[in-house]
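The values are calculated or read from the model by the stated rules, or taken from the named source; none is laboratory data. Computed from a prediction, not measured in an experiment: that's the story for all the values here. Cβ placement follows ideal geometry from the backbone for every residue including glycine, while neighbour counts extend to all protein chains displayed.
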Amino acid sequence: MNRKKLVGLERTHTRTCRIMLIPAFILCFAFVIIPLIDVVRYSFTDWDGIQPQMAFVGFENYRNLPQMEGFKDMLVATFTFAIGMTVITILVSFITALALDKKGRGRMPRNLVRALWFIPSLLSGTVVGILWHIMYNYHNGVVNTVLKTVGLKSVNWLETYVVTNIAIIVAAAWVQIGMCIIIFMAGLQGISADIYEAATIDGATDRQQLWSITVPMMAPSITINVITTTIGAFKAYELPYFISKGMPGYTTLLLTGRISFYAFKAGKYGYGSALAVILVLIIALFSLLELLILRKREDIYG
Amino acid sequence: MNEKKKVTPAVIIEEFILFIFTIVILSPVLYMLLGAFKKRSDIVKHPFQLTKEMFILENFPKAVKNMNFWKALTYTAIITVVSLLIVIIVSSIAGFAIARAKGRLFSAFYGATVSIMVIPFISCLIPCIAQATRLNIYNTLWGCIAYEAAWNIPMAVFLYTGFMRALPGELQDAAYIDGCSTFKVYSTVFLPLLAPVTATTAIRCGVGMWNDYILAKCMLNHVKYPTLMVAIYAFFGDRVNEYGLAFAGIILASLPMIIIYIALQKYFIKGIVAGAVKG
C-alpha cells in the first residue's frame, strides 16, 4: 500500500468517526445542554413556572439565597452528608475488599459474598428511603428493637437534626459500599503477587506492605471511588428525602430536596434555578479539587 | 498451594468478622424479605423470625392490586428497554470513534462527556419540564425515554471509550488492510468484543432507569403511565402502616433488576475492570 493511499484511508476514517459522534451529540445537546443553559437563564428571572412571562431580576435570586430559612442548616447537612458518606463508604469497602481479596484463604465463597454485598446497590433510592424510614421508626422500627435487645436505649432517629443526618448517612453508605467493593477488588487483582513476594523476602511486615504497596498501587481505584461517591452524594435526592422528609421542620432537606421544594411546592422556579446552579458549581468544584489532590498522589507513587 | 490449606487463628478471626459484617449488611434485606410474609404486628415483635404460624402470603396479591403492579411493570419495562437500546447503540458508536480516531475534536468531545456526567438531573428538572411542554412531549412515553436516554449517554460513552481504548490497535489495522470501511470495522471487529462493557452499561444505566423516580414522577401522569417507583412511593411512601404490604411491593419491583444482575454478574465485573479502573 503506498503512502498516498494510507493518508487517504486515515482521512476517511476520521471523517466517518466524526459522523459517528453526531447521534450522541444531538441527544445530549438537545436534552442535557439546552436545559442546562436554560437553568442558568431562569436563575436570573422571577419566573413562577406557570405564567408565560418572566422578568429579568439580575442577581437578586442569588443575593436572596443566604436569607432563605434554614440556609445554614441545609449547607451543613449537604456537606456533612457528602463527606460523611464518602469517608464511611471508602473505609468500609476498602477493608472489606482487602479481606475478600486474600486469595485462597478462608472458607466463604468470594463471589457469593461480593454479590450479596452488591444487592443494596441495586435497590432504588425510593425503595431504600421507604425501607429505612420504616426501620428508623421510633416505636416499631427494627433498629430500635435491636438496640433494646442488646440492652441499649431507643434512639429518636428521625426527629432531631444531628441524629437524622447521621441516620441518612448510614443508609446511603449501605447502598454505595457494594459498588465500591467491586472496584476495589478489581484494583487489588491487578497488583501482581510478585511484588508482595519480593517484599516478604526483603523482610517487610504486613503493615508495611499495606501502606507502601497496596495503598499506593490502589490509587487509581481510590480516586475513582472517592469521586463517584461524592458526586453521587451531592446528587442524591430520593434516599435522603424519603428517609427524613426534611424533618424536623425542613432542616434536614439537602440542596437537592430544596430544589424540588421550590420548584413544586413553592412555585419559585427562578429561585429554585439559582439553587440548582449553585449545586452544579459545588459538584464541579468538589470533583475537580478531589481529582487534583488524588491525581497528584497517583503521580508521586507512579 | 500449601498456603491454601493452612488455617491459622488469624484467618478464622478474619473470616468470622467478615461473616458478621455480611450479616449486618444483609440484615435490612433479610428483614424486608421475611417481613413480606408476615403481618405488621409480627414484623414489629419478631423482626428476624418467620415461623409457620406467622407465615402469610396475602401481602403479595394485595400489593399487586394496590399499586397496579402489572401496568406499572409494563411501562417501566418499556421505558427502560427502549432507552437502554438507544443508549447502547449511540454510545458504543461514539465510544468507538473517540477511542479509535485522533484529533482535538474527539478529545474535546470526551472531555465534555465526562464533565456532563457530574451534572445532577434534578438541577435541570425545571427547564426539562418547560422544554418538554414546549416540544409537546410532556406526559408521553417518548418524552420520558428521550430524557432518560440523553442523561445516561455520558456515562455509557465513558464506559465504552475506556473499554475500547484497552483493546489492541492491531485489530483495527488488520481490518483496514483487508479493505474494511470504518463502520464495518466497528460492526464486525469491535461489536462482538463489546459484551462485557455492554453488560456493565446495561446494569449501571439500566438499574438507574428502572429505579428512576423523579423524572417519571414529573414527566408522566401516574394514572395514565404509572411506573414502579412512582407507584411504590404513592402507595407505600407516606405514613405507611402496612409494613408487610410495602415490603411485598418493594420486593416485586426490585426483583427483576436483581435477577438480571445475577445473570450478568460475570460480564459486569469484567466490564468494570476494563472500563473503570484502567480507563
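Scan the range B:235-247 for residues that are of a type in the set (A, V, I, L, M, F, W, C) and within 20 Å of B:Tyr75 (Cβ to Cβ) and report the count. If you could, list the steps in order and put the result at the bottom.
Looking only at the range B:235-247, we keep the residues that are of a type in the set (A, V, I, L, M, F, W, C), and these are B:235-236, B:240, B:245-247.
Still in the list and also within 20 Å of B:Tyr75 (Cβ to Cβ): B:235-236.
Here the count works out to 2.
Name, by its number, the condition in (1) touching a Gly at 6+ places or on another chain (Cβ under 7 Å); (2) among the charged types (D, E, K, R); (3) at the interface with chain B (Cβ under 8 Å from one of its Cβ atoms) that does not hold for A:Asp46.
All conditions pass for A:Asp46, except number (3).
I need every pair where a residue in the range B:28-40 that is under 13 Å from A:Val143 (Cα atoms) has its Cβ under 7 Å from the Cβ of a residue that is at pLDDT below 85, sequence separation at least 6 or different chains.
B:Tyr31/A:Val142; B:Tyr31/B:Pro47; B:Tyr31/B:Phe48
What residue, among those in the range A:259-273 that are of a type in the set (A, V, I, L, M) and within 11 Å of chain B (Cβ to nearest Cβ), is surrounded by the fewest Cβ atoms within 10 Å (Cβ to Cβ)?
Of the residues in the range A:259-273, the ones of a type in the set (A, V, I, L, M) are A:259, A:263, A:266.
Applying the additional criterion that residues be within 11 Å of chain B (Cβ to nearest Cβ) yields A:259, A:263.
Numbers: A:Ile259: 26, A:Ala263: 22.
The extreme case among them is A:Ala263.
Could you run through the range A:257-276 and say how many residues are under 18 Å from the mean Cα position of the chain (by Cα) and under 18 Å from B:Ile116 (Cα atoms)?
1
Within the range B:96-117, how many residues turn out to be within 8 Å of chain A (Cβ to nearest Cβ) and of a type in the set (Lys, Arg)?
Residues flagged as within 8 Å of chain A (Cβ to nearest Cβ) and of a type in the set (Lys, Arg) within the range B:96-117 amount to 2.
When residues of the range B:129-139 are filtered for being polar (S, T, N, Q) and assigned to a loop (DSSP other than H, G, I, E, B), how many remain?
The initial filter retains those residues of the range B:129-139 that are polar (S, T, N, Q), namely B:131, B:133, B:136, B:139.
Filter again for assigned to a loop (DSSP other than H, G, I, E, B), leaving B:136, B:139.
Selection size over the range B:129-139: 2.
Among the residues of the range A:119-140, count how many are under 21 Å from B:Gly249 (Cβ atoms) and at pLDDT below 80. It would help to see each step written out before you state the result.
Looking only at the range A:119-140, we keep the residues that are under 21 Å from B:Gly249 (Cβ atoms), and these are A:119-137, A:140.
After this cut, where a residue has to be at pLDDT below 80 as well, the list is A:140.
Total meeting the criteria: 1.
Is one or more of the residues making up the range A:153-169 over 15 Å from the mean Cα position of the chain (by Cα), within 21 Å of A:Arg114 (Cα to Cα) and either surrounded by 14 or more Cβ atoms within 10 Å (Cβ to Cβ) or more than 10 Å from chain B (Cβ to nearest Cβ) (or both)?
Keep residues of the range A:153-169 that are over 15 Å from the mean Cα position of the chain (by Cα), which gives A:153-167.
Okay, now just the ones that are also within 21 Å of A:Arg114 (Cα to Cα), so none.
Within the range A:153-169 (the criterion being over 15 Å from the mean Cα position of the chain (by Cα), within 21 Å of A:Arg114 (Cα to Cα) and either surrounded by 14 or more Cβ atoms within 10 Å (Cβ to Cβ) or more than 10 Å from chain B (Cβ to nearest Cβ) (or both)), the answer is no, since none of the residues qualifies.
In the range A:188-244, which helices (runs of 4 or more DSSP H) lie fully inside it and hold 3 or more residues that are more than 13 Å from chain B (Cβ to nearest Cβ)? Walk me through it before giving the result.
Numbers: elements: A:193-201, A:206-209, A:219-235, A:238-244.
So the answer is A:193-201, A:206-209.
I'd like the full set of residues that are within 22 Å of the chain's Cα centre (by Cα), crowded, with 18+ Cβ neighbours inside 10 Å and farther than 14 Å from B:Ile88 by Cβ, limited to the range B:162-204. If you could, list the steps in order and put the result at the bottom.
Step one: filter the range B:162-204 for residues within 22 Å of the chain's Cα centre (by Cα), giving B:162-164, B:191, B:193-204.
When the remaining residues are screened for being crowded, with 18+ Cβ neighbours inside 10 Å, the result is B:162-164, B:194, B:196-204.
Scanning the range B:162-204 gives a single hit, B:Gly162.
Quick check on my filter: what residues within the range B:216-238 are of a type in the set (A, V, I, L, M), surrounded by fewer than 19 Cβ atoms within 10 Å (Cβ to Cβ) and not in a helix (DSSP H, G or I)? So that I can check it myself, show each step before the final result.
Going residue by residue through the range B:216-238, those that are of a type in the set (A, V, I, L, M) are B:216, B:219-220, B:223, B:228-232, B:234.
With surrounded by fewer than 19 Cβ atoms within 10 Å (Cβ to Cβ) added as a condition, the list becomes B:223, B:234.
Passing the criteria: only B:Val223.
State all residues of the range B:118-149 that are surrounded by fewer than 21 Cβ atoms within 10 Å (Cβ to Cβ), among the polar types (S, T, N, Q) and facing another protein chain (nearest Cβ under 7 Å); if no residue qualifies, say none.
If the condition is that a residue be surrounded by fewer than 21 Cβ atoms within 10 Å (Cβ to Cβ), among the polar types (S, T, N, Q) and facing another protein chain (nearest Cβ under 7 Å), then B:Gln131 is the only one that fits.
Looking only at the range A:134-146, filter to residues that are assigned to a helix (DSSP H, G or I) and more than 8 Å from chain B (Cβ to nearest Cβ); which one of those is nearest to B:Trp210 (Cα to Cα)? Break it down into steps so the answer makes sense when it comes.
Narrowing the range A:134-146 to residues assigned to a helix (DSSP H, G or I): A:134-135, A:142-146.
From what is left, the residues that are more than 8 Å from chain B (Cβ to nearest Cβ) are A:143-144.
Numbers: A:Val143: 28, A:Asn144: 32 Å.
Top of the filtered list is A:Val143.
May I ask you to verify whether A:Pro35 is part of a helix (DSSP H, G or I), closer than 20 Å to A:Ile282 by Cα and without any contact (Cβ under 8 Å) to a residue 12 or more places away in the chain?
Working: part of a helix (DSSP H, G or I): yes; closer than 20 Å to A:Ile282 by Cα: yes; without any contact (Cβ under 8 Å) to a residue 12 or more places away in the chain: yes.
Taking the combined requirement at face value, the residue satisfies it.
Would you check if B:Leu215 is within 13 Å of the chain's Cα centre (by Cα) and modelled with pLDDT of 85 or more? Give the derivation first.
Working: within 13 Å of the chain's Cα centre (by Cα): no; modelled with pLDDT of 85 or more: yes.
No.
Any chance the range B:182-194 includes a residue that's in contact (Cβ under 8 Å) with a residue 60 or more places away in the chain and either closer than 19 Å to B:Ile79 by Cβ or among the small types (Gly, Ala, Ser) (or both)?
no
Of a type in the set (A, V, I, L, M, F, W, C), within 25 Å of the chain's Cα centre (by Cα), buried (at least 19 other Cβ atoms within 10 Å of the Cβ) and at the interface with chain B (Cβ under 10 Å from one of its Cβ atoms): does that describe A:Phe31?
Taking the combined requirement at face value, the residue satisfies it.
Taking the range A:194-243 only, how many residues are out of contact with any helix residue (DSSP H, G or I) (no Cβ under 7 Å at 6 or more places or on another chain), among the hydrophobic types (A, V, I, L, M, F, W, C) and more than 26 Å from A:Met179 (Cβ to Cβ)?
Within the range A:194-243, residues that are out of contact with any helix residue (DSSP H, G or I) (no Cβ under 7 Å at 6 or more places or on another chain), among the hydrophobic types (A, V, I, L, M, F, W, C) and more than 26 Å from A:Met179 (Cβ to Cβ) number 3.
Can you tell me which residues in the range B:84-95 are over 16 Å from the mean Cα position of the chain (by Cα), more than 7 Å from chain A (Cβ to nearest Cβ) and touching a residue at least 60 places away in the same chain (Cβ under 8 Å)?
Correct list: B:Ser92, B:Gly95.
Out of all the residues in the range A:46-72, which are part of a loop (DSSP other than H, G, I, E, B), on the phi < 0 side of the Ramachandran plot and under 29 Å from the mean Cα position of the chain (by Cα)?
Initial filter on the range A:46-72 (part of a loop (DSSP other than H, G, I, E, B)): A:46-55, A:57-59, A:68-70.
Now narrow it down to the ones that are on the phi < 0 side of the Ramachandran plot: A:46-48, A:50-55, A:57, A:59, A:68-69.
If the condition is that a residue be part of a loop (DSSP other than H, G, I, E, B), on the phi < 0 side of the Ramachandran plot and under 29 Å from the mean Cα position of the chain (by Cα), then A:Met68, A:Glu69 are the ones that fit.
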